[in-house]
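Notes follow once the structure below has been shown.
The values are calculated or read from the model by the stated rules, or taken from the named source; none is laboratory data. Just so it is clear, the structure is predicted and the values come from calculations on it, not from any experiment. Counting neighbours? That spans all protein chains shown, and the Cβs are built from the backbone with ideal geometry, glycine included.
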Amino acid sequence: MKIYPYKRLNRPVALRVTSVSLKLSDGTRDQLETTAYSTQQQSVALGIAGHIDWVSATIGLSATLPPGANAPDAAWSDLSVLAVLTDGETNVRTSADLTLDAEGGRDWSGSLEVLRDDHLGRASLAVYAVGTVDGVRGRSIAETDRSWIVDTVSDEPVRGLQLDVQTASFKRSSREWLQAYADAPWIVDASARVPTVFVNTDVEGVIGLLDSNGSGVDSKVRDLLVAQMATDVWTAVFHGAIGDLEVEPGGAPVFPTDWQGEVLREMLPDVFPGVHVEEALRQVHRRRTGESGWVELQTRIHYAAVRRADAAKALAYVIRSLEQMNRESET
Amino acid sequence: METGEEFGPWLARQLKLAGKTQAELADELQLTRAAVSAWITGRSTPRPTVMTDIAKALGTDVGTVHTRTTDTQAGLPVTWYHRPGYSDGGRDLGNAAAFAFDADVQVLARETCQNSLDERLTENGRPVRVRYTLHELTGEALDSFREAILWNDLFPHYSAVSEAAGNQKVGRVVDAGVRDMYEKGRLVLLRVDDYNASGLIGDDYADGKFAAVVRRQLESLKSGPGAGGSYGLGKATLWATSALGLVLINSTLSVPHEGRTERRVIGRLELPWREVDGEPYAGPAWFGRPDPDSPGAMVARSWWADEETVARLYLTRESDEPGTSFLIVGAHDVASLESRSDADDESGGVEDGDEDTRDIRKMHGRLVEALGRDFWAAMTGGGSRLPLLEVSVRAFQNGKEVVPEKQVDPSVEQPARTRALRAHYEGTTVDRLTEAGQVAARNVPLKLPLSGGAHGTLGTHQAVLLVTEAEGDRDGDGGKNQVHSLRGNRMTVKRAGVQRLPLGTNPFQAVLLVGEAVGETAPFAMEAEEFLRAAEPPEHDRWGQTEELTLRWSPSAYRRISALTAEVNNAVRELVARPKRTNREGGEAVRKALTVRTRPKAKAPAGPVVPVLDKLDATVGDDGEWRITAEVSIPRGDEIVPMVPVAQLDVRSGGRPKLEWAELVAVEGCEVEDETLRFTPGVRRAKFRGSTDVTSHPVRTTLTRLVLELRAGKGE
């Protein structure tokens, strides 16, 4: 629990994205449709228009402060509202001042410039209301409780991090390292910007099976295959994330801020149920670097991966449709 | 001063009302019959001295004879006329049309407002103004109102109905209505006024709007082909809303009748068959002046009341603008019980625990809600188009205003849809949505069939689809992602959600304008209007298969509407949803399985339970130390894990500096041992306090944020 040594507002700031436009390398602007962002998912996908050569994006914003922010007897003065874009991978922070829409109102609006070169992928966008409290300037009085995600690459405004899926012929791929795995149906690369799954097109029919969207036994088998792949991927990704932790001077691990953080935040509650994720991370780190307990932990990690992959459901469906098929062939 | 009617017709009617002949009057005035006849036919007018004599003969004052704005009180007084029982012994236990509706002020609002909209005077281009007034009467006010409606004459009829109440629904409702009035000593009047409407014009009995509303069932005499109503059912909601089955009417006519326009008054009562003093009565009764022309001078007809009478009946109209006032006596709102939970917010904290169907504040809220929902489009103007309708709602208690008059504002009730329609009128729509608050417009074709079952298409009407971003929580109606469809009367007919939208689609509201709503000059607007009106059921809440559609077009004509709906949904999806990507590598299923998303967390394993921090108070002490008081909640379990409280300073990135404890004291439910909390077995809550060691603070305390955590084990 966090405590501030001064008076603040309890309720969060509401943030909405109102427009998105891209500045292209030839100096022209492309005003994107509102489908480039999702207010429900609170995410912006700058890759949606398929431009490869954009230089910067302008995101129109509107923020509503909680009631009481402009109360005459408020403990703060010099109120200003800032939109802050934070990239955990590149450690870039960009901020923009918003302006009050109408005197006496609680709606502020403005726009934020996102330079493409500052970001690798996902950055999070929050709004802070800051003022002078007890003579100290720039104190945060209220902020958004859930940040928006601004993804400079994605072509779909969804909040969840999507791992990359690529298909390649492992034997003939220009990625030479894949040739070593020519007999594997798929392989996970956890060292890429986002973890990537390569599916080997040399295995005949695997793409057809994955792309199938019928409703027969095919689709059940496909779901089982996907579950199998996903289990592998989540296990690999978890190890990738845990093996790469930054460590504090005292030896405690720091929670990562990039995709690894997102993966850990989702999986740790299954690895160490019932404890805070930060506590869970410390325990995992202690077991991995310490004397004992790492081997025992593998079962928990495997369990977390199986749960994420929905393996139980996929298996049940396959078994049911096999039984059905057998019954039909008997009669 | 008001202009009275011509002397001749006026005198003729007074004589008729008084039951006198021209000869009798001539005798009384000691004049020739020819002289009286000459006045009546308008060939001459009486001398002023004779006027005084005429007034005396008619039992009234000279002023009335001069101004002739009201009838004299001579002759038969205003009374109740109950239709006698059928001679064949048949019994109607209630009005079937009223049966079709539950007592629901929202349905009432819809039906009455629609009628007013249909009866709007169109020549002056002004909107029709409708006002709903809720008035609760108690004590003296109630007594004098009852006197005004001759309650003592009605009471035997209500008693007779109550006695037979066990047998049928209408009787039970009436019985409950009368009992509520006596037990709680109150009566709720709901008045519906319209101004700038045609009023109840026409003869008392012959075809006309008056007879259609007051005398007949299931007759609709709407003013135009684009009218909203078409079944004549709407008026029944007036009686359905009255627990006493009683409605009083005062109308100002747009076309004079009997040379007059103002204060045409009549009341109508709907009761089931009953027997009073051995006489059977068929059901309905009318409150008016006995018509000397009717057999036995029994039938009550409308009369031209004076201002005092309409005031006593709570029927005073605010101006001489034409229109009608309906006063629903004993209004109740049974439907409000179902939606009680959402109406609670509006009742302003008046919660008496009793499920009251006669709470005027609640009814007020529900009226505003329904009017905003159904008529936002009619209330919206823009560009060269004026709104068709203005509506307000207010509430009184014994003449004192308790909820101030509130004009229903469409941009408050339905902000997104109103914005869409306004943008259409003002021509500010766009092709694609690129900014929040924009309105996108699309044409959607409606292929009209040939009438009479012939194959082929008469023509294609281009409906207009408007799509805009939904407005947060203020759009309280039926959720988001809806299409509201309107035709010429600009009343929402159909609301439907759009299916198969991708996850994360921005919430929107859509409006579909069809027929004359697009514009009277749009190709095939009139034909589309007619077609869709025929496809509307009595509830006016959808377009689909109806008998009329089958008869006038063909049994498959409704498919044209289904096709329109499909086109609309496609157009909406195209505007609000991203196009599906075609060549996604690896297939949708893999991609879905590899998205990091929040899932339900795994269950905590059995074994020792882990306490969690529940409440934290912290202040900065005099020496700059953090002083904390924390509460811990402990899950039920046999064994409780000892916890270590850890105080840290929050940072933006990197590791958090840890603070040392100067003091850590158990308050209840636990004990402190070597900076570790050990909990008493069986307790569910524990409390401790502590203060940090200032020497371990890296910066000034007032510039820090404290983070307190409970850690299991050693807490490093």
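The figures follow:
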{"item": "B:SER392, sole failed condition from (1) under 24 Å from B:ARG487 (Cβ atoms); (2) touching a residue at least 60 places away in the same chain (Cβ under 8 Å)", "result": "(1)"}
{"item": "Test for B:THR122: is it at pLDDT 80 or above, in a loop (DSSP other than H, G, I, E, B) and either under 26 Å from B:ARG366 (Cβ atoms) or hydroxyl-bearing (Ser, Thr, Tyr) (or both)", "result": "yes"}
{"item": "Which listed residue is touching a residue at least 60 places away in the same chain (Cβ under 8 Å) and among the hydroxyl-bearing types (Ser, Thr, Tyr), from B:THR629, B:THR619, B:THR680", "result": "B:THR629"}
{"item": "Matching residues in region B:166-183 - criterion: being surrounded by fewer than 18 Cβ atoms within 10 Å (Cβ to Cβ) and either without any contact (Cβ under 8 Å) to a residue 60 or more places away in the chain or at positive phi (or both)", "result": "B:GLY166, B:ARG172, B:ARG179, B:TYR182, B:GLU183"}
{"item": "Test: residue in region A:103-113 that is surrounded by 16 or more Cβ atoms within 10 Å (Cβ to Cβ) and farther than 30 Å from A:LYS7 by Cβ", "result": "yes"}
{"item": "Residues of region A:18-39 satisfying the condition of being in contact with a strand residue (DSSP E or B) (Cβ under 7 Å, 6 or more places away or on another chain), part of a loop (DSSP other than H, G, I, E, B) and either closer than 18 Å to B:PRO507 by Cβ or facing chain B (nearest Cβ under 8 Å) (or both)", "result": "A:LEU32, A:THR39"}
{"item": "Strands (runs of 3 or more DSSP E) wholly inside region A:65-155 containing at least 2 residues that are away from chain B (no Cβ under 14 Å)", "result": "A:76-87, A:92-100, A:107-115, A:122-133"}
{"item": "Residue check, A:PRO249 touching a strand residue (DSSP E or B) at 6+ places or on another chain (Cβ under 6 Å) and over 19 Å from B:THR595 (Cα atoms)", "result": "no"}
{"item": "Any hit, region A:2-17, residues being more than 22 Å from the chain's Cα centre (by Cα), basic (Lys, Arg) and within 7 Å of another protein chain (Cβ to nearest Cβ)", "result": "yes"}
{"item": "Criterion: within 11 Å of chain B (Cβ to nearest Cβ) and either at pLDDT below 85 or under 24 Å from A:LYS313 (Cα atoms) (or both) - qualifying residue of A:ASP258, A:ASP223", "result": "A:ASP223"}
{"item": "Within region B:31-40, considering residues that are of a type in the set (A, V, I, L, M) and surrounded by 14 or more Cβ atoms within 10 Å (Cβ to Cβ), the one farthest from B:PHE7 (Cα to Cα)", "result": "B:LEU31"}
{"item": "Failed condition for A:HIS119, given (1) more than 21 Å from the chain's Cα centre (by Cα); (2) within 30 Å of A:GLN40 (Cβ to Cβ)", "result": "(1)"}
{"item": "Search result, residues across region A:40-61 that are in contact with a helix residue (DSSP H, G or I) (Cβ under 9 Å, 6 or more places away or on another chain), part of a strand (DSSP E or B) and either closer than 18 Å to B:PRO507 by Cβ or facing chain B (nearest Cβ under 7 Å) (or both)", "result": "A:VAL44, A:ALA45"}
{"item": "Conditions (1) touching a residue at least 40 places away in the same chain (Cβ under 8 Å); (2) part of a strand (DSSP E or B): number failed by B:PRO404", "result": "(1)"}
{"item": "Candidate set: region B:41-83, residues that are in contact with a strand residue (DSSP E or B) (Cβ under 6 Å, 6 or more places away or on another chain) and modelled with pLDDT of 80 or more; chosen: the one nearest to B:PHE7 (Cα to Cα)", "result": "B:VAL78"}
{"item": "Inter-residue pairs, beta-carbon under 6 Å, first closer than 20 Å to A:LEU112 by Cα and in region A:148-170, second part of a loop (DSSP other than H, G, I, E, B) and charged (D, E, K, R), 6+ apart", "result": "A:ILE149/A:ARG159"}
{"item": "Matching residues, region A:283-312, being under 25 Å from A:LEU163 (Cα atoms) and without any contact (Cβ under 8 Å) to a residue 40 or more places away in the chain", "result": "A:LEU297, A:GLN298, A:THR299, A:ARG300, A:TYR303, A:ARG307, A:ALA312"}
{"item": "Which listed residue, of A:GLY214, A:GLY243, A:GLY205, A:GLY261, is of a type in the set (Gly, Ala, Ser) and on the phi > 0 side of the Ramachandran plot", "result": "A:GLY205"}
{"item": "Hits in region B:419-473 (condition: small (Gly, Ala, Ser) and more than 26 Å from the chain's Cα centre (by Cα))", "result": "B:GLY427, B:ALA436, B:GLY437, B:ALA440, B:ALA441, B:SER451, B:GLY452, B:GLY453, B:ALA454, B:GLY456, B:GLY459, B:ALA463"}
{"item": "Any hit, region B:247-268, residues being hydroxyl-bearing (Ser, Thr, Tyr), at pLDDT 80 or above, assigned to a loop (DSSP other than H, G, I, E, B) and out of contact with any Gly (no Cβ under 6 Å at 6 or more places or on another chain)", "result": "yes"}
{"item": "Among the residues listed as B:ASP674, B:ASP638, B:ASP617, the single one being acidic (Asp, Glu), within 11 Å of another protein chain (Cβ to nearest Cβ) and surrounded by fewer than 14 Cβ atoms within 10 Å (Cβ to Cβ)", "result": "B:ASP617"}
{"item": "Qualifying residue in region A:191-212 (condition: part of a helix (DSSP H, G or I), modelled with pLDDT of 90 or more and surrounded by fewer than 17 Cβ atoms within 10 Å (Cβ to Cβ))", "result": "no"}
{"item": "Selection count where residues are of a type in the set (S, T, N, Q) and in a loop (DSSP other than H, G, I, E, B), scope region B:369-401", "result": "3"}
{"item": "Region A:235-255, subset more than 16 Å from A:VAL194 (Cβ to Cβ) and touching a Pro at 6+ places or on another chain (Cβ under 8 Å), residue farthest from the other protein chains (Cβ to nearest Cβ)", "result": "A:LEU245"}
{"item": "Criterion: facing another protein chain (nearest Cβ under 7 Å), modelled with pLDDT under 80, surrounded by 12 or more Cβ atoms within 10 Å (Cβ to Cβ) and within 30 Å of B:VAL641 (Cβ to Cβ) - qualifying residue of B:VAL596, B:VAL610", "result": "B:VAL596"}
{"item": "Qualifying position, being surrounded by fewer than 17 Cβ atoms within 10 Å (Cβ to Cβ) and more than 29 Å from A:GLY251 (Cβ to Cβ), among B:GLY669, B:GLY624, B:GLY682", "result": "B:GLY682"}
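Okay, residues lined up against (1) modelled with pLDDT of 90 or more; (2) of a type in the set (Ser, Thr, Tyr):
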residue: A:TYR4; (1), (2): no, yes
residue: A:VAL20; (1), (2): yes, no
residue: A:THR28; (1), (2): yes, yes
residue: A:THR39; (1), (2): no, yes
residue: A:VAL44; (1), (2): yes, no
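To keep it simple, each residue is scored yes or no on (1) out of contact with any Leu (no Cβ under 9 Å at 6 or more places or on another chain); (2) of a type in the set (S, T, N, Q).
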| residue | (1), (2) |
| --- | --- |
| A:SER173 | yes, yes |
| A:GLY205 | yes, no |
| A:VAL217 | no, no |
| A:ALA227 | no, no |
| A:VAL237 | no, no |
